[in-house]
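Working notes, structure below.
The values are calculated or read from the model by the stated rules, or taken from the named source; none is laboratory data. If you're wondering where the values come from, they're calculated on a predicted model, not measured in any experiment. Glycine also receives a Cβ, built like all others from the backbone with ideal geometry; neighbour counts cover every protein chain displayed.
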Amino acid sequence: MKLTLRVWRQKNADAPGAMSTYEVDGISQDMSFLEMLDTLNEELILVGDDPVAFDHDCREGICGACSLVINGDAHGPERTTTCQLHMRSFQDGDTIDIEPWRASAFPVVKDLVVDRSAFDRIIQAGGYISAPTGTAPEAHATPVPKPDADFAFEHAECIGCGACVAACPNGSAMLFTSAKINHLNVLPQGAPERETRVLDMVGQMDSEGFGGCTLTGECATACPKGIPLPSISAMNKEWLRATRKVHR
Amino acid sequence: MTRTLWDSSVGKKTIMAVSGLIMLLYLVVHMIGNLKIFFGSGEFNHYAHWLRTMGEPFLHYEWALWIVRVVLVAAVVLHATSAYQLSRRDIKARPSKYVHKKPRASYATRTMRWGGIILALFIVWHILDLTTGTVHSGGFQSGHPYQNVIDTFSTWYGNTIYIVAMLALGLHVQHGFWSAAQTLGAGNATRDRALKTIANVLALVLTVGFISIPVAVMTGVVS
Ligand code: HEM
Ligand code: FES
């Protein structure tokens with residue numbers, strides 16, 4: 001395949017950026033999107049150009065490091081991560097626009113790499129449980145009803161990639177935050193911090209400068225793990241419950 | 001708790017949802033009342049008078065009406081202030097647009113802000129027209145709402161303003177009712193279809209119900 005790529009290039013956080021156009025040839029349909037970019041970077045390095053910086057780690061769809069807006073879609077046209085997107089989703093001769101996640105809480109570091117540490121700080125605010133260390137407890141000691149276990153697992157699938165923020169017209173982190181809160185709040189292990197978790201994590205989310213939710217549903221459409229939109233409503237319910245119970 | 005609500009984006013959205021639902025409830029009642037115009041001036045004017053004597057003898061003349069007005073003004077102010085502040089936050093959170101743009105979200109969802117502004121302007125005009133009579137087209141007579149309504153809908157601009165505003169209202173309610181349910185924590189996968197259906201029905205009934213009156217005056221069904 002021969003492709004025209006229009007890629008966002010930006011030297012550093014303070015420099016202005018712009019789209020640059022590149023041609024790549026000899027792309028196989030079986031390559032992943034990141035392997036296609038590797039091919040471009042090899043060529044750029046050979047001619048002495050600065051390679052395009054982009055985030056990646058596991059390349060198997062589980063770490064949440066890869067992050068590109070491809071033709072206006074976070075992680076491109078399929079419901080998967082960019083590393084698991086294959087070039088067979090494109091046609092020979094296509095022009096592909098590649099941009100970084102856009103949100104003021106995710107400032108661009110270089111080219112397509114953005115700083116997502118705001119997500120880490122939301123997790124630090126309450127995305128954990130208090131558990132005694134030592135040997136693992138007997139698995140059957142704490143019964144979890146099946147529907148609760150399913151609900152927790154559905155939300156535990158979130159890999160924290162930030163596609164929800166990138167897709168949201170308000171740069172909102174509600175889907176991410178709701179996935180993390182719902183995952184722990186429904187389980188008995190998460191019960192001791194049930195109220196403080198939701199209040200603190202939502203508070204941190206607000207202070208990081210993410211936008212609010214206007215229920216456009218873009219986040220859930222973009223999510224490579226299929227975290228559903230009603231997760232946000234479930235978090236709102238937890239938040240309202242905690243506001244009634246906890247007096248600060 | 002009030003501070004927590006006002007300081008959090010989730011809390012402010014809750015205030016929007018509750019104030020929106022209060023206005024929505026009022027609109028349903030208001031629309032049903034308005035439809036009495038189809039039963040003639042006697043019944044319509046009698047109903048308008050009852051709005052003032054409602055609650056007597058426990059309440060004094062017009063007290064109930066004033067309570068409703070105060071609640072509605074509070075709802076409009078809270079709703080519009082939260083809308084403004086949340087919109088400011090949202091726009092700030094996404095300062096740079098994507099080069100590759102895609103049309104997304106439904107029309108109703110994308111027009112919440114402009115639709116809200118149209119509704120705010122309409123509310124002001126509507127009160128100056130049919131409550132105070134300040135911008136009324138005919139000779140405004142308080143106590144004779146039937147004639148006042150006919151006069152308003154006998155002008156092209158009266159009809160245009162009203163119909164545009166009611167279309168905006170339908171769109172606003174379609175996304176707003178469902179959104180409010182999500183904000184208040186009532187949304188889940190199994191209930192989603194039911195909530196969307198209620199939102200669509202409410203939006204349609206309100207729009208058709210309200211618009212039927214200018215249409216009836218224009219076509220001479222009500223005169
Ligand atoms: C003063 C005029 C108004 C303005 C400026 C306004 C503006 C807005 C805005 C900007 C939103 C948020 C949209 C979003 O989150 O996507 C909204 C939501 C809403 N509006 Fe209004 N609106 C107005 C009047 C009304 C009226 C008359 C009603 C009554 C039916 C109403 C009912 C709602 C509801 C139920 C919501 C959903 C709240 C939520 O998302 O939880 N609004 N409005
Ligand atoms: S690189 Fe790990 S999810 Fe894509």
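So that you can scan it fast, the table gives a plain yes or no per residue for (1) assigned to a loop (DSSP other than H, G, I, E, B); (2) at pLDDT below 95; (3) within 23 Å of B:T109 (Cβ to Cβ); (4) not small (G, A, S):
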position	(1), (2), (3), (4)
A:C161	yes, no, no, yes
A:K180	no, no, no, yes
A:L184	no, no, no, yes
A:M201	no, no, no, yes
A:C219	no, no, yes, yes
A:P228	yes, no, yes, yes
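Restricting attention to the stretch A:45-77, the residues that are free of Cβ contacts under 8 Å to residues at least 60 places away in the same chain, closer than 27 Å to B:K101 by Cβ and more than 15 Å from the chain's Cα centre (by Cα) add up to 3. A count restricted to the stretch A:203-217 and to residues that are away from ligand 1 (no atom under 14 Å from the Cβ), more than 27 Å from A:T80 (Cβ to Cβ) and assigned to a loop (DSSP other than H, G, I, E, B) stands at 1. All of B:V215, B:V201, B:V164, B:V173 fail the test of being within 15 Å of B:Y107 (Cα to Cα), more than 16 Å from ligand 2 (Cβ to nearest atom) and β-branched (V, I, T), apart from B:V173. Within the stretch B:88-116, the set of residues being exposed (fewer than 13 other Cβ atoms within 10 Å of the Cβ) and more than 11 Å from every other protein chain (Cβ to nearest Cβ) comprises B:Y107, B:W114. Would it be correct to say that A:A131 is among the aliphatic types (A, V, I, L, M), away from ligand 1 (no atom under 16 Å from the Cβ), outside any helix (DSSP H, G or I) and more than 14 Å from chain B (Cβ to nearest Cβ)? For A:A131, the condition - among the aliphatic types (A, V, I, L, M), away from ligand 1 (no atom under 16 Å from the Cβ), outside any helix (DSSP H, G or I) and more than 14 Å from chain B (Cβ to nearest Cβ) - is met.
If you take the residues in the stretch A:60-73 that are within 12 Å of ligand 2 (Cβ to nearest atom) and within 14 Å of chain B (Cβ to nearest Cβ), which one is farthest from A:M19 (Cα to Cα)? Only one residue tops the list, namely A:S67.
Against the test of being within 18 Å of the chain's Cα centre (by Cα) and more than 7 Å from chain B (Cβ to nearest Cβ), the options A:A242, A:A222 yield a single qualifying residue, A:A222.
None of A:A125, A:A149, A:A105, A:A141 is over 26 Å from A:K225 (Cα atoms) and of a type in the set (A, V, I, L, M) except A:A141.
In the set (1) assigned to a helix (DSSP H, G or I); (2) surrounded by fewer than 23 Cβ atoms within 10 Å (Cβ to Cβ), A:I232 fails one condition alone, (2). Scan the stretch B:154-169 and tell me whether some residue there is surrounded by fewer than 20 Cβ atoms within 10 Å (Cβ to Cβ), away from ligand 1 (no atom under 15 Å from the Cβ) and within 12 Å of another protein chain (Cβ to nearest Cβ). No, the stretch B:154-169 has no match at all. Free of Cβ contacts under 8 Å to residues at least 24 places away in the same chain, exposed (fewer than 15 other Cβ atoms within 10 Å of the Cβ), closer than 30 Å to B:G11 by Cβ and more than 11 Å from chain A (Cβ to nearest Cβ), is that true of B:Y61? It is false that B:Y61 is free of Cβ contacts under 8 Å to residues at least 24 places away in the same chain, exposed (fewer than 15 other Cβ atoms within 10 Å of the Cβ), closer than 30 Å to B:G11 by Cβ and more than 11 Å from chain A (Cβ to nearest Cβ).
Taking the stretch A:78-104 as the range and being at the interface with chain B (Cβ under 10 Å from one of its Cβ atoms), assigned to a loop (DSSP other than H, G, I, E, B) and more than 13 Å from the chain's Cα centre (by Cα) as the test, only A:S104 passes. Residue-level check: of (1) within 30 Å of A:E218 (Cα to Cα); (2) over 20 Å from the mean Cα position of the chain (by Cα), B:L119 misses just (2). Of all residues in the stretch B:5-21, those satisfying the criterion of being of a type outside the set (F, W, Y), surrounded by fewer than 19 Cβ atoms within 10 Å (Cβ to Cβ) and without any contact (Cβ under 8 Å) to a residue 40 or more places away in the chain are B:L5, B:D7. Here the helices (runs of 4 or more DSSP H) wholly within the stretch B:1-83 that include at least 1 residues being small (G, A, S) are B:9-34, B:41-53. Considering the stretch A:143-170, and only residues there that are in contact with a strand residue (DSSP E or B) (Cβ under 9 Å, 6 or more places away or on another chain) and more than 15 Å from A:F119 (Cα to Cα), the residue that is surrounded by the fewest Cβ atoms within 10 Å (Cβ to Cβ) turns out to be A:P169. Scanning the stretch A:22-59 for residues that are assigned to a loop (DSSP other than H, G, I, E, B), within 13 Å of ligand 2 (Cβ to nearest atom) and either farther than 20 Å from A:K225 by Cα or not assigned by TED's automatic domain parsing to the domain that holds A:W8 (or both) returns a single hit, A:F54.
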